[in-house]
Amino acid sequence: MQVEPISNHEEVVVVLEGELDHHSAVTVKEELDELIMNPEVRRLVLDMAGVHFMDSSGIGVVLGRYRTLKKRGGSVGVKNVSDRVDHIFKMSGLYQVVEKL
């Protein structure tokens, strides 16, 4: 999994490439946490065009970052979600807390 951040002060856009699964979840979580640890960051946008597989560990990564940002009034959004990953977001109920852009 490759994580490429693009940042302005309040919003961090992260381009994800590869599989967001139990093999990559810890690394991705740590990299995202480092990016959003700045208290000025209010929004995390995950560009998931390059993510072709996601399992429950990936759901946990997204949900955990949502919880972190929600505590400070922030949010998480996703864009360019493949049909396969979109189905996972719908079935898991993630779209109830994460905005599809």
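The values are calculated or read from the model by the stated rules, or taken from the named source; none is laboratory data. The structure presented is a predicted model; accordingly, all values stated were derived computationally and were not measured. Neighbour counts are summed over all protein chains in view; Cβ atoms, including those assigned to glycine, are modelled from backbone coordinates with ideal geometry.
Which residues, counting only those in the stretch 32-57, are under 11 Å from the mean Cα position of the chain (by Cα) and of a type in the set (Asp, Glu)? Across the stretch 32-57, the qualifying residues are 33, 47. Remark: pairs (first residue in the stretch 12-28, in a loop (DSSP other than H, G, I, E, B); second residue of a type in the set (Gly, Ala, Ser) and surrounded by 20 or more Cβ atoms within 10 Å (Cβ to Cβ); Cβ separation under 7 Å; 6+ apart in sequence or on different chains) = 21/58. Taking residues in the stretch 78-101 that are at pLDDT 95 or above, and partners anywhere that are acidic (Asp, Glu), the pairs with Cβ atoms closer than 6 Å and at least 6 places apart or on different chains are 79/47; 80/47. With at pLDDT below 95, surrounded by 15 or more Cβ atoms within 10 Å (Cβ to Cβ) and among the hydrophobic types (A, V, I, L, M, F, W, C) as the only criterion, which of 46, 69, 35, 20 stands out? Residue meeting the stated conditions: 35.
All but one of (1) assigned to a strand (DSSP E or B); (2) among the small types (Gly, Ala, Ser); (3) out of contact with any strand residue (DSSP E or B) (no Cβ under 7 Å at 6 or more places or on another chain) hold for residue 50; state the number of the condition that does not hold. The failed condition is (3).
Considering the stretch 1-11, the residues that are of a type in the set (A, V, I, L, M) and part of a strand (DSSP E or B) include one that is modelled with the lowest pLDDT, namely 3.
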